[in-house]
Amino acid sequence: MISTPSALRDLCERVRSAPRVGIDTEFHNERTYTARLMVIQLAFEDGCAILDPLAIDDISPLAEALNETTVVGHALTSDLKIFADRFDVVPQRVFDCQVAASFLGFGMAISLADLVRDLCGVRLKKSQTVSDWSARPFSEKQMEYLIDDVAHLLEMHDTLATRLNAKGRLEWAIEECRALADIERYRTDERRMIGRIPGANRMNRRELGVLSQLVLLRDRIARERDLPLKYIMPDDVLGGLATLRPRHVEDLAQLRRLDAGTRRSLGPAIVEAVKRGEAIPEDELPAKFARPLGNARETLVSLMSVVVGEIARENELPASLLVPRAVLERQARDVPAGRDEFIGSLELSAWRTNLVAEPLWRLLSGESALRIEGYAGGEPRITVT
């Protein structure tokens, strides 16, 4: 157990000297703007350490030390986001066992318990999944759970790397894990925040300008109060305000989902945010969101999805790992001039491009076709001819 500054210093030295460290975190995020870190578990070749962030004022030295080793984890995105939010840094060398396993046919969302069982032959007791990690001291069952979450990570790293190397996919997995170390993926994205608001894809640019200011206002208040966004104002209320564009606090009464308490406390700030949105110059307004594709182009996306699905099946890969739906929608919406432009517009990594670019182009250019065989015999299969 690491619960004093001196023990933390020793732990950081141990991390720096280790070639790799397994890691997991426990956090609470139900009632706060950012997740509250409760526990950090670390695994070394010769044992585990449990760090208590509630007992030490400053644990940022650990975040810095982790930059000097390879961090091994399972479903690391949430853990890395905590480091990005709290310390403004993420480890630069990471290996995510869940991501790596997806390149071996395990699927995109295999649980730690299932992967440990399949790779290590150990059954974990996941009895403390909804435990209150803010309580101290930890019970014996909680300690067992915390250790189990990291105890097998390094062994899984070895097994996965060996299997991936034998299959010629180790570099694919490393490339995918490398993307997890990009801190920008954990930053707040204003465009994405706006796009999550119901009705944003139907708004004109001026309404989107107003909405952008309302979104930023809510985000700032939520951050200051350390509350979830929905506790400040629900998404549908922001959408209603952007179309109503109230000029006076009294106008807010037109929205029944905006309660009287919120109108009193946030009314002036909402009106000011609307004014800022109204004042944005025309050439600086947010771009409109793409309209739905329509039936014909949705069908085109579906056909491309079938081809991607078949390529994924043949290579024992999840289709969603191979090509995101957004990429297929872009090809259906913005038809490229030729093969080279099509391949470039996919904007995929080299290994993905090698697998899907040519089959997709052949389908879209009419050089190949989809066939269903074996349906009458009860075993339908799709082929690309």
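The values are calculated or read from the model by the stated rules, or taken from the named source; none is laboratory data. All values derive from a computational prediction rather than experimental measurement. All Cβ positions, glycine included, derive from the backbone under ideal geometry; neighbour counts span all protein chains shown.
Observations, loosely collected:
- Inter-residue pairs, beta-carbon under 7 Å, first farther than 14 Å from ALA63 by Cβ and in segment 3-19, second of a type in the set (Ser, Thr, Tyr), 6+ apart: ALA18/THR69; PRO19/THR69; PRO19/THR70
- Of all residues in segment 103-158, those satisfying the criterion of being basic (Lys, Arg) and part of a loop (DSSP other than H, G, I, E, B) are ARG123, LYS125, LYS126, ARG136.
- Only listed residue being part of a helix (DSSP H, G or I), closer than 30 Å to LEU370 by Cβ and basic (Lys, Arg), chosen from ARG297, ARG276, ARG291, ARG263: ARG297
- Within segment 116-130, being buried (at least 17 other Cβ atoms within 10 Å of the Cβ) and either of a type in the set (Asp, Glu) or out of contact with any helix residue (DSSP H, G or I) (no Cβ under 6 Å at 6 or more places or on another chain) (or both) holds for one residue alone: VAL116.
- Segment 82-95 residues that are within 15 Å of VAL15 (Cα to Cα) and surrounded by fewer than 21 Cβ atoms within 10 Å (Cβ to Cβ), paired with ones that are at pLDDT 95 or above and of a type in the set (Lys, Arg) (beta carbon under 9 Å, 6 or more apart): GLN92/ARG178; ARG93/ARG20; ARG93/ARG178
- Selected residue (criterion: farthest from PRO268 (Cα to Cα)) from residues of segment 232-251 that are out of contact with any Asp or Glu (no Cβ under 8 Å at 6 or more places or on another chain) and in contact (Cβ under 8 Å) with a residue 40 or more places away in the chain: GLY239
Results for (1) without any contact (Cβ under 8 Å) to a residue 60 or more places away in the chain; (2) over 14 Å from HIS74 (Cβ atoms), shown as yes or no for each residue.
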site	(1), (2)
TRP133	no, yes
GLU140	yes, yes
GLU144	yes, yes
THR159	yes, no
LEU164	no, yes
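- Sub-9 Å Cβ pairs linking a first residue in segment 20-49 that is assigned by TED's automatic domain parsing to the domain that holds GLU68 to a second residue that is among the hydroxyl-bearing types (Ser, Thr, Tyr) and in a strand (DSSP E or B), at least 6 apart or interchain, are ARG20/THR70; VAL21/THR70; ALA35/THR25; LEU37/THR25; MET38/THR25; VAL39/THR25; ILE40/THR25; GLN41/THR25, ordered by first then second residue.
- Restricting segment 298-308 to residues that are free of Cβ contacts under 8 Å to residues at least 24 places away in the same chain and not β-branched (Val, Ile, Thr) leaves a set whose member that is surrounded by the fewest Cβ atoms within 10 Å (Cβ to Cβ) is SER302.
- When THR383 is tested against the conditions (1) part of a helix (DSSP H, G or I); (2) hydroxyl-bearing (Ser, Thr, Tyr); (3) closer than 27 Å to ALA101 by Cα, the lone failure is (1).
- In a residue-by-residue description of segment 270-292, the property of being in contact with a helix residue (DSSP H, G or I) (Cβ under 6 Å, 6 or more places away or on another chain), among the aromatic types (Phe, Trp, Tyr) and either buried (at least 17 other Cβ atoms within 10 Å of the Cβ) or farther than 26 Å from ALA200 by Cα (or both) applies to no position.
- Residues (touching a helix residue (DSSP H, G or I) at 6+ places or on another chain (Cβ under 9 Å) and either charged (D, E, K, R) or touching a residue at least 40 places away in the same chain (Cβ under 8 Å) (or both)) located in segment 338-351: ARG339, GLU347, SER349, TRP351
- Only one of ALA43, ALA100, ALA65 that is modelled with pLDDT of 95 or more, small (Gly, Ala, Ser) and surrounded by fewer than 22 Cβ atoms within 10 Å (Cβ to Cβ): ALA65
- Residue within segment 352-360 that is over 30 Å from LEU214 (Cα atoms), touching a residue at least 24 places away in the same chain (Cβ under 8 Å) and in a loop (DSSP other than H, G, I, E, B) present: no
- Residue in segment 144-151 that is surrounded by fewer than 19 Cβ atoms within 10 Å (Cβ to Cβ), over 24 Å from LEU355 (Cβ atoms), assigned by TED's automatic domain parsing to the domain that holds PRO53 and over 22 Å from the mean Cα position of the chain (by Cα) present: yes
- If you filter segment 19-39 down to residues that are farther than 26 Å from LEU229 by Cβ, of a type outside the set (D, E, K, R) and crowded, with 20+ Cβ neighbours inside 10 Å, you find that the one that is nearest to the chain's Cα centre (by Cα) is ILE23.
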